[in-house]
Amino acid sequence: LIRSVGSADYRLPHTGFSYPASVPAAALAAEDADLIEHLAAQGRVRLHLTLTPQTLPDATGYNVVADLKGSEHPEQIVVVSGHLDSWDLGRGAIDDGAGVAIAMSAAELLQRLHLRPRYTLRVIAWMDEENGGGGHDAYAKTHVAEIAAHIAAIESDAGAGHPLGFSVKMSPKAVAALRPVLDVLQPVGSTVLRNTSVSPGSDIEPLVDAGVPGIGIIQDSRRYFDYHHTAADTLDKVDPQQLRENAAAMAVIGYAIAAMPEPLPR
Ligand SMILES: [Zn+2]
């Protein structure tokens, strides 16, 4: 059982679906569904579900933010990010501990290589992605006067699989400025640049909706939904080499944008 309906209408994250409070709903992890399929092949299956949902009052949480200050325009910001909270089962290793690690590694790699970006590289570990997006909404509200100073917003929230490239929501001019950067990522194999009509990450959506160029890492997600939002989302599902490839992809794209002579065009 992954999650069941509480006393209020429940919105299923990432899907846009919501269940009215009057209809009980539950979800099974892939392993449990496989077990039921196996048993069903042998005859009639009876299932006893114990649903124990509660909707507790909101508590205070915090986005965690760290700046690697820009050398020329520290007031201009390139966001690299993942989300800090996770589903209530498992440990959230692939959703989205990996994304936080990838964003932190980008800043750490620049430090280690003694690369100082022209604009500030801001690492954000967003709070409350899974339960309504309170963290990114609060950020957009708090920083409303500085939205124009955000050059780009990058997020990793599709696991820790091999990075194939980036999905982007930005102007054709910005795409053209970014394309040469992909050559640097040829050895990693992260060369896809795919336009999307929606924000390429849920936490960067308020920034992207306000016109900030948005970028999401496209991970190889073939195994992602085997573990996503289940008790099986644990650290052993993260391949260290693929995690390093993601850190490289995030560092290259983040640094490239934060070091351009002119901010990425809108
Ligand atoms: Zn996530």
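The values are calculated or read from the model by the stated rules, or taken from the named source; none is laboratory data. None of the values given here were measured: they were computed from a predicted structure. A quick note on method: Cβ atoms are made from the backbone with ideal geometry, for glycine too, and the neighbour counts reach across all protein chains shown.
In table form, for the structure just shown:
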{"read-out": "Any hit, the range 92-102, residues being within 29 Å of PRO265 (Cβ to Cβ) and either more than 12 Å from the ligand (Cβ to nearest atom) or in contact with a Lys or Arg (Cβ under 9 Å, 6 or more places away or on another chain) (or both)", "value": "yes"}
{"read-out": "Output for the range 79-91, where each listed residue is over 23 Å from ALA140 (Cβ atoms) and within 11 Å of the ligand (Cβ to nearest atom)", "value": "TRP87"}
{"read-out": "Residue that is nearest to PHE225 (Cα to Cα), among those in the range 148-159 that are within 16 Å of the ligand (Cβ to nearest atom) and in a strand (DSSP E or B)", "value": "GLU155"}
{"read-out": "Residues satisfying the stated conditions in the range 63-84, i.e. under 12 Å from ASP203 (Cβ atoms) and assigned to a strand (DSSP E or B)", "value": "VAL79, VAL80, SER81, GLY82, HIS83"}
{"read-out": "Test: residue in the range 127-137 that is among the hydrophobic types (A, V, I, L, M, F, W, C), surrounded by 17 or more Cβ atoms within 10 Å (Cβ to Cβ) and either at pLDDT below 95 or within 16 Å of the ligand (Cβ to nearest atom) (or both)", "value": "yes"}
{"read-out": "Leading residue by the ranking (nearest to PRO265 (Cα to Cα)) among those in the range 205-244 that are out of contact with any His (no Cβ under 9 Å at 6 or more places or on another chain) and charged (D, E, K, R)", "value": "ASP209"}
{"read-out": "Checklist (1) touching a residue at least 40 places away in the same chain (Cβ under 8 Å); (2) part of a loop (DSSP other than H, G, I, E, B); (3) surrounded by fewer than 23 Cβ atoms within 10 Å (Cβ to Cβ); (4) not hydroxyl-bearing (Ser, Thr, Tyr) applied to ALA248, failing item", "value": "(2)"}
{"read-out": "Wholly within the range 175-237, helices (runs of 4 or more DSSP H) carrying at least 1 residues that are within 16 Å of the ligand (Cβ to nearest atom), of a type outside the set (S, T, N, Q) and modelled with pLDDT under 95", "value": "224-227"}
{"read-out": "Whichever residue in the range 87-115 is modelled with pLDDT of 95 or more and not in a helix (DSSP H, G or I) and, among such residues, is nearest to the chain's Cα centre (by Cα)", "value": "GLY92"}
{"read-out": "Residues being closer than 30 Å to GLU72 by Cβ and either in a loop (DSSP other than H, G, I, E, B) or not small (Gly, Ala, Ser) (or both) - total across the range 116-138", "value": "11"}
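Each row is one residue, and each column tells you yes or no for (1) on the phi > 0 side of the Ramachandran plot; (2) among the hydrophobic types (A, V, I, L, M, F, W, C); (3) not in a loop (DSSP other than H, G, I, E, B).
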site	(1), (2), (3)
GLU146	no, no, yes
GLY161	no, no, no
PHE166	no, yes, yes
LYS173	no, no, yes
